[in-house]
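Undergrad: Pasting in a structure now, in structure tokens, and then I'll have a few things to ask.
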Amino acid sequence: MAITSFPFDSQVVTESQYGYLFREFQDSGVVAAYDSPGFQVSAGNGMVVNVQPGLAILRGHMVQSTAAEALTIPAAGTSTRVDRVVLRLDPASNSITLAVKAGSVGSTAPPALSQTDTGIYEMALANVTVAANVTTITSADVSATRPVVGHRVGVWATSTRPSSPRKGQLGFNNSLARWEWWDGSTWADLAPTVSWASLTGKPSSFWPSVHSHAWGEITEKPTAFPAAEHSHNWDSVVGKPSYFPPTSHGHSWGQISDKPGSYPPSGHSHGEYLTSGSTISWANGSKMPHNNSASGSGTWYAVWVEGDGTFCRNTSSIRYKENVRDIEIDPAAVLALRPRIYDRKPTEGKPQSRKDEYGLIAEEVAATLPEIVTYDEEGRIDALRYDLLGVALLPVVQDQAKRIERLEALVEELARAA
């Protein structure tokens, strides 16, 4: 196996050997900044393109042009073709020259380059699109393809990357604005952008570090803070009463045992409350009062009629009451009541006269607030004590008043703390 080494003193070194040496120092390309005009091709007049002066390396050989050169593009044909402006190294003639390689008529692909290792070597500077029957080349017809080399690493476009890179070769891709290197099979980004999706080993959630916020920094705060649901051990409750009167409740007629078979009316009288011609009549659950308005000064009473027809007046003085005790009414039971609108069923033989009445349904009230529900002689739910509804509302109002006081005190405390 022959071993050849060069260059040494008193030794003949061929141009091929110098080419081998210098191509290891630098790739083929224009020696200039990427955006410099070196060997840049532009449209001239008519079918002429101009090539700017410049310095370039072709397969270890150097070429220098000190003045702009004009190249004539062959005449257009009847179909579009793509020509190439090239620098051509010809070792046989010891020259590197500018040349135009005409493309195939009707093809949008430029002609192939000749890039042999010891013979003709061509480097493309630009593609020139020659449309059918044109007589002028415009700037839109010229697209640059020249490769540019730096002093130590290459600078290129995606379309002008080195044709035979070596693994690890580094350069700057001006088309993609990134540094890239040849990994043996593809040009890889030297500093790729890492996306969140490409990260491995990420935790599934990120707990916030311990921190605090001033009260004024918190947005969308509620105006009131109801107490969270909680419970207390019986022993931890202070101020418990010594006894607990039973809460108001009711029993259905069917639950009552040992009821008498009949109920004789107790002795009573109507006196002045019922005068000649006055009647109390039933109309589908409603009793029609005597047509007499209450106005002016004097003493007035709310009059009630018991199920057996007995008149009585509604009293509230303590002198009529005994065994007075507190009653616990669940505010939620009162708030659960549903105001309704309804029409009265017509009285037999009379047209319907009462529509769109407002009120409550006694059966619905019995489910949550049975204390104000009354029953007829047969034990059926019959009516409501609307006069007691206002009393039932008092615990709701009192409970809300206490909540408001506690919340106002809490807001003041939090404001001071902030």
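Undergrad: Quick check on my filter: what residues within region 350-368 are touching a Ser or Thr at 6+ places or on another chain (Cβ under 9 Å) and farther than 16 Å from Arg340 by Cα?
TA: Listed by number, the list holds a single entry, Ser353.
Undergrad: Can you tell me which of Val86, Val49, Val82 is within 55 Å of the chain's Cα centre (by Cα) and not aromatic (Phe, Trp, Tyr)? Full working, then the answer.
TA: Numbers: Val86 fails: within 55 Å of the chain's Cα centre (by Cα); Val49 fails: within 55 Å of the chain's Cα centre (by Cα).
One residue alone meets the criteria, Val82.
Undergrad: Could you list, in sequence order, the residues of region 314-364 that are surrounded by 10 or more Cβ atoms within 10 Å (Cβ to Cβ), in a strand (DSSP E or B) and either in the same structural domain as Ser242 (by TED's automatic domain parsing) or in contact with a Leu (Cβ under 7 Å, 6 or more places away or on another chain) (or both)?
TA: Hits for region 314-364 are Arg340, Tyr342, Glu357, Gly359.
Undergrad: Let me ask you something else. Quick test for you: out of Gly106, Gly154, pick the one residue that is more than 26 Å from Ala32 (Cα to Cα) and at pLDDT below 95.
TA: Just one listed residue meets the conditions, Gly106.
Undergrad: For region 401-411, check the following and say yes or no: at least one residue is β-branched (Val, Ile, Thr), modelled with pLDDT of 90 or more and closer than 30 Å to Ser212 by Cα.
TA: Looking for residues that are β-branched (Val, Ile, Thr), modelled with pLDDT of 90 or more and closer than 30 Å to Ser212 by Cα, one finds at least one in region 401-411, hence yes.
Undergrad: While we're looking at this one, here's another question. Is it the case, given these coordinates, that Val86 is buried (at least 17 other Cβ atoms within 10 Å of the Cβ) and aliphatic (A, V, I, L, M)?
TA: Details: buried (at least 17 other Cβ atoms within 10 Å of the Cβ): yes; aliphatic (A, V, I, L, M): yes.
In short, yes.
Undergrad: Let me ask something else about it. Can you tell me which of (1) out of contact with any Asp or Glu (no Cβ under 6 Å at 6 or more places or on another chain); (2) part of a loop (DSSP other than H, G, I, E, B); (3) of a type outside the set (A, V, I, L, M) is the one Trp179 doesn't meet?
TA: (2)
Undergrad: Among the candidates Ser231, Ser248, Ser159, which residue alone is without any contact (Cβ under 8 Å) to a residue 60 or more places away in the chain and either within 30 Å of the chain's Cα centre (by Cα) or in a loop (DSSP other than H, G, I, E, B) (or both)?
TA: Ser231
Undergrad: Report the residue count in region 365-387 for those that are surrounded by 14 or more Cβ atoms within 10 Å (Cβ to Cβ) and closer than 14 Å to Ala333 by Cα.
TA: Residues that pass the stated criteria total 8.
Undergrad: Here's another thing I want to ask about it. Within region 276-297, does at least one residue satisfy the condition of being at pLDDT below 65, basic (Lys, Arg) and within 28 Å of Ala333 (Cα to Cα)?
TA: There is at least one residue in region 276-297 that is at pLDDT below 65, basic (Lys, Arg) and within 28 Å of Ala333 (Cα to Cα).
Undergrad: Which ones in region 135-156 are assigned to a strand (DSSP E or B) and not polar (S, T, N, Q)? Before you say what the answer is, go through the steps one by one.
TA: Pass one, region 135-156, residues assigned to a strand (DSSP E or B): 142-144, 148-149, 154-156.
Within region 135-156, Val142, Ala144, Val148, Val149, Gly154, Val155, Trp156 qualify.
Undergrad: Suppose we filter Thr78, Thr138, Thr72, Thr158 for residues that are surrounded by fewer than 14 Cβ atoms within 10 Å (Cβ to Cβ) and not assigned by TED's automatic domain parsing to the domain that holds Asp27; which single one remains?
TA: Criteria check complete, one pass: Thr158.
Undergrad: Only one of these conditions is not met by Gln115: (1) modelled with pLDDT of 95 or more; (2) of a type outside the set (D, E, K, R); (3) under 18 Å from Gly29 (Cβ atoms). Which number is it?
TA: Failing condition for Gln115: (1).
Undergrad: What number of residues in region 251-275 are in a helix (DSSP H, G or I) and at pLDDT 50 or above?
TA: Selection size over region 251-275: 4.
The values are calculated or read from the model by the stated rules, or taken from the named source; none is laboratory data. Keep in mind the model is a prediction, meaning the values are calculated, not measured. Here the Cβ is made from the backbone with ideal geometry for all residues, glycine too, and neighbour counts use every protein chain on show.
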